[in-house]
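> Pasting a structure below so you can have a look.
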Amino acid sequence: MVTITMMAICVAMFVLDWVIPKDFIFQTFAYAPFLTESEPWRMITSAFLHSTDILHIAFNMYALWILGNALEPAFGRLRFTAIYLISALAGSVGVLLLSPIDTPVVGASGAVFGLFGALFVVQKKRGGDVRQIVVLLLINAALGFIIPNISWQAHLGGLIGGALCAVVIAFVPPSLKDKRNLVQWGGMGAVVLLLVGLTIYKVSTFPTFIIG
């Protein structure tokens, strides 16, 4: 349900970006670091946009479908939604910390990499083989450096954010199992606070322009 909903939103925004003139969708919802203080919601909304290249959205939707079908049943709808959105935020934080201030970004790849990170953690927890996941991550990481206009910064941020969320969900100490929900949601809340803290710090370092 959540996976299909996320895909539907991405596809709808892609169509609207084609239909509405004057690049309205991109200009309204895309993210760039210099917009963080004035329009912070773009750190999330940009994860539902894609470039006009059909391959961009096609690859991300395929990956989301595969990963969503594996992880949504494992985590449940609410936790899966939280991991996806936190990973999207973490991807934007990665761009904020590591990219030039005027770098525009769109795409679900930060959130998708977060799901890759979560899948790695789940497989590790279950004692499964993680070699295929590592190979896929390395291939996609390499593409971020080889193919232009792919944000490896968003990939890295999303990967770390998704992995951290999965860790706090999967590795609840046995002594706290009776408080599992509190620990899991509190842990994900702590990840969000970390991302917010990094955002506030980075924005505070932006140059101040004085006119007049």
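> Just to be sure I understand: with springs between alpha-carbon atoms less than 10 Å apart, which residue in Ile54, Ile133, Ile101 has the highest mean-square fluctuation in the Gaussian network model of the chain?
Answer for the Gaussian network model of the chain: Ile54.
> A further question follows. Take peptides 102-108, 197-203 and line them up by average Cβ neighbours within 10 Å, highest first, as a rough protection proxy.
Ranked from most to least packed, the peptides come out as 102-108, 197-203.
> What does the charge dipole of the stretch 34-112 about its Cα centre add up to, to the nearest 20 debye, if the Cβ of each Lys and Arg holds +1 and the Cβ of each Asp and Glu holds -1?
That gives the stretch 34-112 a dipole magnitude of about 280 debye.
> Compute the acute angle (0 to 90°) between the alpha-carbon long axis of helix 109-126 and the principal axis of greatest extent of the alpha-carbon atoms of the chain; round to the nearest 10°.
Between the helix axis and the principal axis of the chain, the angle is about 10 degrees.
> Count the lysine pairs in the chain that are 8 or more places apart or on different chains: how many have C-alpha atoms under 29 angstrom apart?
Counting lysine pairs in the chain gives 4.
> Using only Cα atoms, find the angle between the long axis of helix 77-98 and the longest principal axis of the chain, and express it within 0 to 90 degrees, rounded to the nearest 10.
Orientation of helix 77-98: about 50 degrees from the principal axis.
> If you don't mind, there's one more thing I want to ask. Decide, for the stretch 72-212, between rounded, prolate and oblate: order the square roots of the alpha carbon gyration tensor eigenvalues as a ≥ b ≥ c, take rounded if a/c falls under 1.5, and otherwise choose prolate if a/b is larger than b/c, else oblate.
Judged from the Cα gyration tensor, the stretch 72-212 comes out oblate (a/c at least 1.5, b/c at or above a/b).
> In percent, how large is the relative contact order of the stretch 1-73, given Cα pairs closer than 8 Å and 6 or more residues apart?
Relative contact order here is 40 percent.
> Now, a different point. Order Phe116, Phe24, most accessible first, counting only protein heavy atoms with a 1.4 angstrom probe.
Output order, biggest surface exposure first: Phe24, Phe116.
> Any idea how far the Cα center of the stretch 164-211 sits from the one of the stretch 13-56, in Å?
One Cα centre to the other: 25 Å.
> Shifting gears a bit: Please get the size of the charge dipole for the chain, origin at its Cα centre, with Cβ charges of +1 on Lys and Arg and -1 on Asp and Glu, quoted in debye to the nearest 20.
Magnitude of the dipole: close to 820 debye.
> Ordered by packing density, taken as the mean number of other Cβ atoms within 10 Å over each peptide's residues, highest first, how do 184-195, 28-39 rank?
Peptide ranking by packing, descending: 28-39, 184-195.
> Could you state the per residue volume, in Å³, of the convex hull enclosing the Cα atoms of the stretch 52-155?
With only Cα atoms used, the stretch 52-155 gives 103 Å³ per residue.
> How many percent of the accessible area of the stretch 1-87 is carbon or sulfur, using a 1.4 Å probe?
74 percent
> From the protein chains alone at 1.4 Å, what is the descending order of accessible area for Trp41, Trp65, Trp152, largest first?
Trp41, Trp65, Trp152
> Something else about it: Per residue, how much accessible area does the stretch 1-62 have with a 1.4 Å probe, in Å²?
For the stretch 1-62, the per-residue accessible area is 57 Å².
The values are calculated or read from the model by the stated rules, or taken from the named source; none is laboratory data. On a predicted model such as this, the values are computed, not experimentally measured, just so you know. Every residue, glycine among them, receives a Cβ derived from its backbone with ideal geometry; neighbour counts consider all protein chains shown. These area figures cover heavy atoms from the full protein model, side chains too; ligands, DNA and RNA do not enter into them. Shrake-Rupley method; radii C 1.70, N 1.55, O 1.52, S 1.80 Å.
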